[in-house]
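**Student:** Quick one: structure below, then a few questions.
The values are calculated or read from the model by the stated rules, or taken from the named source; none is laboratory data. Note that this is a predicted model, so its numbers are computed, not measured. Cβ placement follows ideal geometry from the backbone for every residue including glycine, while neighbour counts extend to all protein chains displayed.
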Amino acid sequence: MTIQLTPSAVKHIQASLSKRGKGIGLRLGVRTSGCSGLAYKIEYADEMRPEDVSFESDGVTVIVDKKSLPYLNGTQLDYRREGLNEGFKFENPNVKSQCGCGESFNV
C-alpha cells in the first residue's frame with residue numbers, strides 16, 4: 001500500500017511545513033460527504049496517532065488513518081497551478097465515479 005507525491009507536491013509541502021515552523025508531514029484521509037459519498041481530507045500533521053500509517057515520498061512523510069487507507073491506496077497527489085487556481089489534485093485509481101463539481105467521489 002502506497003501514496004505517492006509528485007515533485008510539485010513535495011516542493012509545496014516542504015515549503016508549507018517550513019513556513020509553519022512545525023509539523024511532521026501531511027495527513028490525508030476521507031470522510032463521508034458530498035453527493036457521491038466520500039470527500040478527501042487534507043491537513044498538516046504535528047503528531048502520529050495510534051490509528052495512523054505513514055509513508056515516505058521524496059523526504060516527505062504522508063500520514064493516513066487505517067480506515068481511509070483502502071480508499072487512498074495507490075493514489076498520487078499532485079500540486080497544480082491552473083490559471084488563477086492552485087491546489088492539491090488527487091489521482092486515485094480506486095475512484096469509480098465523481099460528482100459534477102469534483103468535490104466528492106465513489107469507490
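**Student:** Would you please list the contacts, defined by Cβ atoms under 9 Å and residues six or more apart or on different chains, that run from a residue in the stretch 1-21 that is more than 20 Å from D46 (Cα to Cα) to a residue that is in a helix (DSSP H, G or I)?
**Tutor:** The qualifying pairs are M1/L69; M1/P70; M1/L72.
**Student:** Mind telling me which of the residues D58, D52 ends up being surrounded by 13 or more Cβ atoms within 10 Å (Cβ to Cβ) and more than 23 Å from R80 (Cα to Cα)?
**Tutor:** Only one candidate qualifies: D52.
**Student:** Is there a residue being aromatic (F, W, Y), over 19 Å from S16 (Cβ atoms) and outside any loop (DSSP other than H, G, I, E, B) anywhere in the stretch 52-74?
**Tutor:** There is at least one residue in the stretch 52-74 that is aromatic (F, W, Y), over 19 Å from S16 (Cβ atoms) and outside any loop (DSSP other than H, G, I, E, B).
**Student:** In the list L28, L38, which residue meets the criterion of being assigned to a strand (DSSP E or B) and under 14 Å from D78 (Cα atoms)?
**Tutor:** Of the residues listed, the single one that is assigned to a strand (DSSP E or B) and under 14 Å from D78 (Cα atoms) is L28.
**Student:** Could you tell me which numbered condition R31 fails, if it satisfies all but one of (1) farther than 21 Å from R80 by Cβ; (2) modelled with pLDDT of 90 or more; (3) within 14 Å of the chain's Cα centre (by Cα)?
**Tutor:** All conditions are met except number (2).
**Student:** Quick one: count up the residues across the stretch 61-82 that are hydrophobic (A, V, I, L, M, F, W, C) and either loosely packed, with under 12 Cβ neighbours inside 10 Å or under 13 Å from H12 (Cα atoms) (or both).
**Tutor:** Within the stretch 61-82, residues that are hydrophobic (A, V, I, L, M, F, W, C) and either loosely packed, with under 12 Cβ neighbours inside 10 Å or under 13 Å from H12 (Cα atoms) (or both) number 1.
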